[in-house]
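Peer 1: Mind having a look at this structure? Questions to follow.
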Amino acid sequence: MAGVSVFNNYYCRIAREVKNSKDYFLNWPVNQPVKLGQYGFYRGKNVRFDWQGNVENFGIRLSNTIGNMPIAESYRSGKGVDVSFDVNADTPASATLTFRKKHAVAFESHGGTIDTLEVDRLHEEILNAIRDGRVTWNPEWVVVTQIYRTASFSSFVSGSRDASVRVIASGAPQQTTFGLADPNAKLSLGASSGMTSATVAEQNALPYFVVSKLKGRGMETRLERYG
């Protein structure tokens, strides 16, 4: 139970930070399954979801678009993380992340897609399902309407205010900096101290998602981004 308590403690902190800073939700661990159309209750106090199923179970047809993520995108806790590169020609390139506070985070992605439901069409499908008696819609339900799928994702969470971790890039050209999630750099973890979690270049991760909620009464409703 102690391990569960530690996970809950740091998860709530980093999930709330990501939600407040990036306007989407953290899927943690990042290999945890999440699907478009997934619905359930949002427990804001703990930044958690109590999933109930998928709206497809009500005969609702999903229509989505797929866009590209930036080649490299990063997020770091404000004033909480320093990154320094060592690109000496005599050794493989490396980076050292030093954390200034407990539960500070550094996330980086390399490539991927953003899968987005067509919200207007989903709204219409939900209203039709309600009219036809296929579902009694709970006004507290939220629906996953966007998912970030990264080709490669690295994540670092400190366990103390003086934590550190070294990332080695044996495949990066000498005397150059590199992306902390670049799969072509052949990344691996080196020495670390005080870290709660550290992974590099995890493939096909699902780190972030967006939910929407039905607002209004009766048939005078709208489906809006929530959280």
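Peer 1: Could you calculate the contour length gain from Arg217 to Ala89, that is, 0.36 nm times the residue separation minus the distance between their Cα atoms, to one decimal place in nm? Walk me through the numbers on the way to the answer.
Peer 2: Values: separation 128, 0.36 × 128 = 46.08 nm, distance 6.55 nm.
Length difference between fully extended and current span is 39.5 nm.
Peer 1: Hey, which of these cross-link pairs are over 21 Å Cα-Cα: Lys19/Lys79; Lys19/Lys186; Lys35/Lys102? Before the final figure, lay out each step's value.
Peer 2: Values: Lys19/Lys79 17 Å; Lys19/Lys186 30 Å; Lys35/Lys102 31 Å.
Among Lys19/Lys79; Lys19/Lys186; Lys35/Lys102, the Cα-Cα distance tops 21 Å for Lys19/Lys186; Lys35/Lys102.
Peer 1: Sort 196-202, 61-67, 32-38 by packing, meaning the average of other beta carbons within 10 Å per residue, with the highest value first.
Peer 2: Descending packing order for the listed peptides: 196-202, 32-38, 61-67.
Peer 1: Next question. Using modelled backbone amide H atoms (1.01 Å from N, in-plane), which distant-in-sequence or interchain residues come within less than 5 Å of Glu202's amide H?
Peer 2: Placed amide hydrogens put Phe153, Ser154 under 5 Å from Glu202.
Peer 1: Dipole of the chain, Cα-centred, from +1 at each Lys and Arg C-beta and -1 at each Asp and Glu C-beta, to the nearest 20 debye? The partial results should precede the final answer.
Peer 2: Numbers: 26 positive and 21 negative charges, 159 e Å.
I would put it at about 760 debye.
Peer 1: Could you go through region 177-189 in sequence order and give the Karplus-derived ³J(HN,Hα) for each residue, using 6.51 cos²θ - 1.76 cosθ + 1.60 with θ = phi - 60°, rounded to whole Hz, and x for Gly and Pro?
Peer 2: Working through the residues one at a time gives 6, 8, x, 6, 10, 5, x, 6, 7, 6, 7, 8, 8 Hz.
Peer 1: Something else about it: Just how far, in whole angstrom, is region 153-200 from region 53-87 if you go by their alpha carbon centroids?
Peer 2: Using only Cα atoms to place each centre, the spacing works out to 19 Å.
Peer 1: Average the reciprocal distances over every distinct pair of alpha-carbons in region 1-89, invert the result, and give the Kirkwood radius in Å. It would help to have the intermediate numbers written out before the result.
Peer 2: Working: mean 1/r = 0.0607 Å⁻¹.
Computed over region 1-89, the radius equals 16.5 Å.
Peer 1: Using only the Cα atoms, what convex hull volume per residue in Å³ does the chain have?
Peer 2: On the way: hull volume 27.8 nm³, N = 227.
Dividing the Cα hull volume of the chain by its residue count gives 123 Å³.
Peer 1: Take the Cβ-Cβ distance between Asn9 and Asp132 as r, set R0 to 45 Å, and report the resulting FRET efficiency rounded to the nearest 0.05.
Peer 2: Values: r = 45 Å, r/R0 = 0.99.
According to the calculation, E is roughly 0.50.
Peer 1: Could you work out how far apart the two model spin labels at Trp51 and Gln32 are, taking each label as a point 7 Å from the Cα in the direction of the beta carbon, and quote it in nm?
Peer 2: Spacing of the two 7 Å Cα→Cβ label points: 0.9 nm.
Peer 1: How tilted is helix 119-131 with respect to the longest principal axis of the chain? Cα atoms for both, answer in degrees (0 to 90, nearest 10).
Peer 2: Computed tilt is about 40 degrees.
Peer 1: Quick one: angle between helix 2-22 and the longest Cα principal axis of the chain, in degrees between 0 and 90, rounded to 10, please.
Peer 2: 80 degrees
Peer 1: Using helices alone, I'd like the mean residue ellipticity at 222 nm for the chain: each DSSP H run of four-plus residues gives -39500 (n - 2.57), total over residue count, nearest 500.
Peer 2: It comes out at -5000 deg cm²/dmol, rounded to the nearest 500.
None of the figures in this text is laboratory data; all of them are computed from the coordinates on show. Bear in mind that the values here come from a model prediction, so they are computed numbers and not experimental data. FYI the Cβ positions are ideal-geometry reconstructions off the backbone, even for glycines, and counts take in every protein chain you see.
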